[in-house]
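Trainee: Structure provided below as structure tokens; questions to follow.
The values are calculated or read from the model by the stated rules, or taken from the named source; none is laboratory data. This is a predicted model, so every value here is computed, not measured. Note that each Cβ is placed from the backbone with ideal geometry, even for glycine, and that neighbours are counted across all protein chains shown.
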Amino acid sequence: MTRLNTRDFEHAGWEAAASHYERLFAGATKQYVGALLEGTHTSSHTHLLDVARGPGFAAAKARDTGAIAVGIDFSAAMIAIAKSTYADIDFIEADATALPFERCSFDAVIVNFGVHHFENPARAFAEFNRVLKPFGRLAFTLWVKPHENPAWRLIMDAVSASGTFDVPMPAGNDNHINIEDFVELTRSAGFFDVRLKQLEMPWRMPADTDLVTLFERSTVRMSSLLRGQRPEAFLAIGRHVARAVEIYLTDGAIELPTKAYIVLASKDQS
């Protein structure tokens, strides 16, 4: 059996997750969009590129501010969903490492939890710099390490107790590059005034949410980890998480704090 490279692995994963993402996982990621738009000073007539767009909600929020938004994603399934949901926004199937735009096309580039999925992030960041106008702004988000984020930690603790981490998948930037590496990568791509902040947002979901099923259906790497378990281990992981998540029940819902970094930067005048 041919082993997938990182890009093919990620592409296949997001094609499969696309139909579930908005309903299951977007609750965790949507709430960080405002910080990206604020960080790029997005307002009326800002030409904005939303990279790794998924189902399109970040571009839509930018559009609602009066911005002229364009979204790209390498997943045809994600682009189809975005186009059907937001017919008035231009969504294009394209790769972050080869953007189909002229030099100096945009005032702002945002990436909401996408950079750690790129096979070659350095090339993608060079592309962001290329398509930005002089003094254009870049903003991207990245989750903190799994052990610092309760939802991820619950899954990882359950796998540690009842399953295995020995599941084949390509090496990923989320495991092998720290936030400091992404900050340095941003500078190396020609950006200045690079700033890093940590944000925390509550992720609220119905009390009967099956967190294991949520991750298994609407993510890629965590999904692969879960699907790689033996059937009996998968069931045990589910029971473990169901018990552990009870401490986050409040007012008839599960409310999990989520933590993420936001990196803000500017292109120079060239």
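Trainee: Within the set of pairs 6+ apart or on separate chains, which have a first residue in the range 136-150 that is farther than 30 Å from S105 by Cβ, a second that is in a strand (DSSP E or B) and among the aromatic types (F, W, Y), and C-beta atoms under 9 Å apart?
Mentor: Partner pairs satisfying both residue conditions: V144/Y261; N149/W143; P150/W203.
Trainee: List, please: which pairs have Cβ atoms under 8 Å, are six or more places apart or on different chains, and start with a residue in the range 183-207 that is closer than 13 Å to F128 by Cβ and surrounded by 18 or more Cβ atoms within 10 Å (Cβ to Cβ) and end with one that is modelled with pLDDT of 95 or more and charged (D, E, K, R)?
Mentor: F191/K267
Trainee: When the residues of the range 224-265 are narrowed to those that are in contact with a Gly (Cβ under 7 Å, 6 or more places away or on another chain) and within 30 Å of T40 (Cβ to Cβ), which ends up surrounded by the fewest Cβ atoms within 10 Å (Cβ to Cβ)?
Mentor: Taking the candidates together, the pick is I262.
Trainee: Something else: Checking E15 against (1) in contact (Cβ under 8 Å) with a residue 12 or more places away in the chain; (2) in contact with a Leu (Cβ under 8 Å, 6 or more places away or on another chain): exactly one of these is not met. Which one?
Mentor: Only one criterion in (1) in contact (Cβ under 8 Å) with a residue 12 or more places away in the chain; (2) in contact with a Leu (Cβ under 8 Å, 6 or more places away or on another chain) is unmet by E15, namely (2).
Trainee: Restrict the check to the range 132-145 and report whether at least one residue is modelled with pLDDT under 95, surrounded by fewer than 16 Cβ atoms within 10 Å (Cβ to Cβ) and either of a type in the set (K, R) or over 27 Å from M205 (Cβ atoms) (or both).
Mentor: Looking for residues that are modelled with pLDDT under 95, surrounded by fewer than 16 Cβ atoms within 10 Å (Cβ to Cβ) and either of a type in the set (K, R) or over 27 Å from M205 (Cβ atoms) (or both), one finds at least one in the range 132-145, hence yes.
Trainee: Quick one: in the range 34-49, which of the residues that are crowded, with 20+ Cβ neighbours inside 10 Å and in a helix (DSSP H, G or I) is farthest from the chain's Cα centre (by Cα)?
Mentor: G39
Trainee: Determine which member of the set A87, A96, A124 is in a loop (DSSP other than H, G, I, E, B) and under 15 Å from the mean Cα position of the chain (by Cα). First the steps, then the outcome.
Mentor: Values: A87 fails: under 15 Å from the mean Cα position of the chain (by Cα); A124 fails: in a loop (DSSP other than H, G, I, E, B).
After ruling out the rest, the residue left standing is A96.
Trainee: Please indicate, with yes or no, whether at least one residue in the range 58-70 is assigned to a strand (DSSP E or B) and surrounded by 17 or more Cβ atoms within 10 Å (Cβ to Cβ). Quick ask: steps written out before the conclusion?
Mentor: The initial filter retains those residues of the range 58-70 that are assigned to a strand (DSSP E or B), namely 68-70.
Subset that is surrounded by 17 or more Cβ atoms within 10 Å (Cβ to Cβ): 69-70.
Yes; the residues of the range 58-70 include at least one that is assigned to a strand (DSSP E or B) and surrounded by 17 or more Cβ atoms within 10 Å (Cβ to Cβ).
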